[in-house]
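Each remark here refers to the structure printed beneath this line.
Rule-based calculations on the coordinates, nothing more; no lab input. Note that the structure is predicted; figures quoted are calculated from it, not measured. Methodologically, a virtual Cβ is constructed for each residue, glycine included, from the backbone with ideal geometry; neighbour enumeration extends over all protein chains shown.
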Amino acid sequence: MKLGVVLRARLRVGICLLAGMVLAGAMVAVTRAERNTERAKHLHFSSIVIDTHDDTTQRFLDGGFDLGARNALGSIDIPRMKEGGLGAIFFSIWIPSKITGPEAVRRGRAQIEAVLENVRKHSNDLALATTADGIREAHRQGKIAALIGIEGGHLIGSDLGVLRTYAALGARYMTLTHSGNAEWADSSTAKPEHNGLTEFGKDVVREMNRLGMIVDISHVSDKTFADVLEISKAPVFASHSDCRAICDTPRNMTDDMIRALTAKGGVIQINYHVGFLSQEFRNAEKAHPEWDKAIALEVQRRCRGKEGCQLIEGDRITREYVLRGDLPRVEWTKIIEHIDHAVKVAGIDHVGLGSDFDGANMPFGMEDATKLPQITNALLEKGYSEGDVKKILGENTLRLMAEVERVSRELNAAK
Amino acid sequence: MRQVRVSLFACLVAVGFLISQAATGDDIADRAKKLHFSSIVLDTHDDTTQRFFSKTFDIGKRNPDGHIDIPRMREGGMNAIFFSIWIDGRIMGAPAVQKALDQIDAVHENVNKYSKDFAFCRTAEEVRRAHAQGKIAALIGVEGGHMIGNDIRVLRMFGDLGVRYMTLTHFYNDEWADSSTAKPEHNGLTDFGKDIVREMNRQGIMVDISHVSDKTFYDALEVSKAPLMASHSSCRALCNHVRDMSDDMIKALAAKGGVIQINYEKSFIDQAYKDAQDKFSGGVVAMMDQLKKECGDNEECLNKKMTEMTDKATAEGKLPHVSWERIIDHIDHAVKLVGADHVGLGSDFDGANMPEGMDDCTHLPRITEALMRKGYSDDDIRKILGGNLLRVMEQTEKVSREMQAAR
């Protein structure tokens, strides 16, 4: 009996001790996590965080969208960029690739003007940047650097003069194609018709080098990519692509492509779109093409012709499928997997961020720009040094831009 | 001791000054030359842009024809130029926009090609900096509101591309403003036209009232928050042409801080020539239409033929001779009317018939010398050569900043 009492008493003490230890352990864990968070926060908010691909421009054209106010929908606005420490954003100029010629040019110009007008309207928070130094200067002034990227060579209407006008208006990269082939370059998601770049396509790349525009190889076919690497005198980048080794889609890059890009000083900017991050998601999508059609129909019903709305509703409806259990749930940590894979393949100097916010389906936990500090936190937890994290957040992109500018100056001087 | 040293120094300076005066002589020609070549000499209207599309023209080389190229600008001390973007006023809508953008691109490309000589400028400050670096400031003006394709966003894009003035019309009315050389159809500026003027103020694009009807001028004057400029117009009191400004208009322009940039075109500065030309060819618009039949859309050809035609007519005695000194008469008239703060130079080189003795930009130092001989002060001459226009630019920039901040 006594023994029983003693035993029970010991057991109680033991439970107590165990509980205490668990509690202490948990507390240590919490403190460590919090310390990491503080360190991550400090690092994140003192770094220049650059996102090279945001489709927010489409929302400017829909009307009714205020970049300066916190919006319930979508991923990007000034309050949320500030909260997430996003310091530089490339507004994407995009129209569907089936629109070509003068109409494409007219719409491309209107979108650029919409970006510039929004920068003017919000000049207390935004500053137009066209160079790496411009981004650093905006950062020093506590402003978000606004930049312009053209998503698709079809937007120049096969006219180098139009390309130059875009550059003069401040555009600093052009993706050579979108989902369809351009008149002079093959896309990764269309039937090849030019065997990569045509002769004119090569001239476009040369002129981009001279103008100091980054050649963006996201969206292009593998052959176009290879042609670009051969022609371009400046390093090139993928503004929003992931690793094919993890998720096998033509929109992503193979390890060999990443290595070739790297050898020329380029950068792969990791895309957060679930269909490019997760093989499981992609397989599920492919297994049910009817869902894709159903989603497209629902998007049309909700948005009619408004493209900004379409991109955002597409993301929302896809989430409804995930919540019903039809499509797999993809966590934001997949982004970290892709970053880490690319770093292992390419080295720390060749990886950056190209979210595809407001234009793709975001993973859980990366719904909008406010969630960006998690990336910094996760990379630190993985053991990345602070210097390495800074590179991924923006310094690699800045280095690439400075190099593209240098090549442009040289080509202009050599004339 | 210290005082002695100071007075000794003062003596030396005085002696040195006297010697230098004795060596150079108090010669107006020399003083004028020095003044001219140390000033910012800014021309607000040059149609040279059209020549960029010609295969034979190279702005970097001395050309046997036309009025403008880098070597001749250097020789004439012309160090700030507004390249004019111009297409026929009857071309409208999307094609007008595209053609204008092509011309803006051509200016950018030529400036870039000759970046050792040219600096592209968007502000008065940049013009001053270019001058300090020994470069020619290159600026852009759009000659005709028809080129925005009736779309205020295109106007903004022009501003973003570096356009720093827009003439509200050319020879024909556009969708929202009446021209001085067409039948009125809008009673000046339409409501949209007034919005255009306000948006130009907001974008820091100078409102140019050359070419517009008198009613459009007064409407623009009322609406604009920034001073206006006439990029290339002369005085109606000396030559009664609708393209010129009446004394009342010049006074109203000056009262709001604006500037009239004197045009050198013979039919705008000389009454006898204008009257004879009206008889000879039915006026400038009719003459251009006649020549268009020969040249089509080739504007370089148009300018060349126009010069050939009028030179021949002058040689045959059908048109009178006009001396470059008429330019001085117009400057002096405007200065007497509104003071030296409101007059400048807008040659119309490469787009008009130059008077004798002003055959190209190498002759510009004559203007400085003539004004000096008339007794103009160095300060006043500098203002006319470019200072006044820079002041209007600065004022326009200030209004733009205020309007953008006040949103």
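Things to note:
- Share of pairwise Cα separations in the range B:39-405, more than 31 Å, in percent: 26 percent
- Between amide H atoms placed 1.01 Å from N, distances below 5 Å from B:CYS235 occur with B:MET245, all of them 5 or more places distant or on a separate chain.
- Reachable lysines from A:LYS344, criterion Cα separation under 22 angstrom, eight or more residues apart if same chain: A:LYS264, A:LYS334, A:LYS382, A:LYS390, A:LYS391
- Total charge dipole magnitude, chain B, about the Cα centre, Cβ charges on Lys, Arg, Asp, Glu only, Debye to nearest 20: 1280 debye
- Among the trypsin sites (Lys or Arg not before Pro) found in the range A:264-337, those both in a DSSP coil and sparsely packed, with 11 or fewer other Cβ atoms within 10 Å of their Cβ, are A:ARG304, A:ARG324.
- Converting phi to 3J(HN,Hα) with the Karplus coefficients 6.51, -1.76 and 1.60 and the offset θ = phi - 60°, the range B:37-49 yields 7, 10, 9, 7, 9, 10, 10, 8, 8, 9, 8, 4, 3 Hz in sequence order, with x at every glycine or proline.
- Gaussian network model of chain A, Cα within-10 Å springs - most flexible of A:GLU367, A:GLU285, A:GLU151: A:GLU285
- Projecting label points 7 angstrom from Cα along Cα→Cβ for A:ARG206 and B:ALA237 puts them 5.9 nm apart.
- Karplus 3J(HN,Hα) series, Hz, for the range B:371-378 with 6.51 cos²θ - 1.76 cosθ + 1.60 (x for Gly, Pro): 5, 5, 5, 6, x, 5, 6, 4
- Degrees separating the helix B:283-295 axis from the principal Cα axis of chain B, which is the longest one: 70 degrees
- Scanning residues 5 or more positions from A:THR175 or on other chains, those with amide H under 5 Å from its amide H are A:ILE150, A:GLU151, A:GLY152, A:ASP216, with H placed 1.01 Å from N in the peptide plane.
- Charge-dipole axis of the protein assembly as shown as Lys and Arg at +1 and Asp and Glu at -1 on Cβ define it, positive-most pick from B:GLY76, B:SER115, A:PHE45: A:PHE45
- 0 to 90° range, to nearest 10: angle between helix B:191-203 axis and chain B longest Cα axis: 30 degrees
- Model label sites at A:GLU386 and B:LYS215, defined 7 Å from Cα along the beta-carbon direction, differ in position by 7.1 nm.
- Annotation: the antiparallel percentage among DSSP beta bridges lying fully within the protein assembly as shown is about 10.
- Helix A:307-323 and the long axis of chain A differ in direction by around 30°, with both axes built from C-alpha atoms.
- Residue among B:GLY188, B:GLY258, B:GLY93 with the largest mean-square fluctuation in a Gaussian network model of chain B, springs linking Cα atoms under 10 Å: B:GLY93
- For A:ASN181, the residues 5 or more places off, or on other chains, whose built amide H falls under 5 Å of its own are A:SER187.
- Contact order for chain A, expressed relative to its length and based on alpha carbon pairs under 8 Å spaced 6+ residues apart, stands at 19 percent.
- Here the range B:58-102 is treated with +1 on each Lys and Arg Cβ and -1 on each Asp and Glu Cβ, and its dipole about the Cα centre works out to around 60 debye.
- Spin-label model distance (nm) - A:SER123 vs A:ALA402, 7 Å beyond Cα toward Cβ: 2.9 nm
- Hydrodynamic radius (Kirkwood) for the range A:288-415, which is based on Cα pairs only, to one decimal in Å: 17.3 Å
- Pair-distance distribution of the range B:249-380: all C-alpha pairs, bin width 5 Å, starting at 0; shares per bin in whole percent are 2, 10, 18, 20, 18, 14, 10, 7, 2, 0.
- Sequence-separation-based contact order of the range A:135-258, relative, with Cα cut under 8 Å and 6+ spacing, percent: 20 percent
- Listed pairs B:LYS55/B:LYS116; B:LYS292/B:LYS312; B:LYS279/B:LYS312; B:LYS194/B:LYS383; A:LYS202/A:LYS233; B:LYS55/B:LYS305 exceeding 20 Å between Cα atoms: B:LYS55/B:LYS116; B:LYS194/B:LYS383
- Mean shadow area of the protein assembly as shown over all directions, Cα convex hull, nm²: 51.4 nm²
- In a DSSP loop and with at most 15 other Cβ atoms within 10 Å, the trypsin sites (Lys or Arg not before Pro) in the range B:74-172 are B:ARG90, B:LYS116.
- Radius 12 Å from Cβ of A:HIS194, net charge of other residues (Lys, Arg +1; Asp, Glu -1): -2
- Simple Cβ-charge dipole of chain A, Lys/Arg +1 and Asp/Glu -1, about Cα centre, in debye nearest 20: 1360 debye
- Within the range B:342-393, trypsin sites (Lys or Arg not before Pro) in DSSP loop having at most 13 other beta-carbon neighbours inside 10 Å: B:LYS374
- For the range B:39-405: relative contact order, % (alpha-carbon pairs under 8 angstrom, 6 or more apart): 20 percent
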